[in-house]
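Below: the structure, in structure tokens.
The values are calculated or read from the model by the stated rules, or taken from the named source; none is laboratory data. These numbers come from a predicted model, not from an experiment. Virtual Cβ from ideal backbone geometry, glycine too; neighbours counted across all protein chains shown.
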Amino acid sequence: MWFSTPEPNSFDIACAEYCGLRHSYMYTKVVAMTPADFNAWYQEASLKAGRPYEPIPSLAAARN
Ligand SMILES: [Cu+2]
């Protein structure tokens, strides 16, 4: 799923469909980053998880 925002920001979101037990607790956050910030975060998360880092191609060519 992709979202678009005019500038980096974070957004609190809630599940929009009754999906079962604990539905009313389904809150989370979407963090919109620049492509460079996202790839830096993704690289760090990959290393912490012990997985090889592979930049997302569509973001590797993107500019901030
Ligand atoms: Cu739900």
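Quick notes on this one:
Residues checked against (1) more than 16 Å from the ligand (Cβ to nearest atom); (2) in contact with a Gly (Cβ under 9 Å, 6 or more places away or on another chain); (3) at pLDDT 95 or above; (4) outside any helix (DSSP H, G or I):
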site: PRO6; (1), (2), (3), (4): yes, no, no, yes
site: ILE13; (1), (2), (3), (4): no, no, no, yes
site: TYR18; (1), (2), (3), (4): no, no, no, yes
site: LEU21; (1), (2), (3), (4): no, no, no, yes
site: VAL31; (1), (2), (3), (4): yes, no, no, yes
site: PHE38; (1), (2), (3), (4): yes, no, no, no
site: GLN43; (1), (2), (3), (4): yes, no, no, no
site: SER46; (1), (2), (3), (4): yes, no, no, no
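- Filter pass, SER58 being small (Gly, Ala, Ser) and modelled with pLDDT of 90 or more: no
- Within the stretch 37-55, tally of residues that are surrounded by 11 or more Cβ atoms within 10 Å (Cβ to Cβ) and of a type in the set (Gly, Ala, Ser): 3
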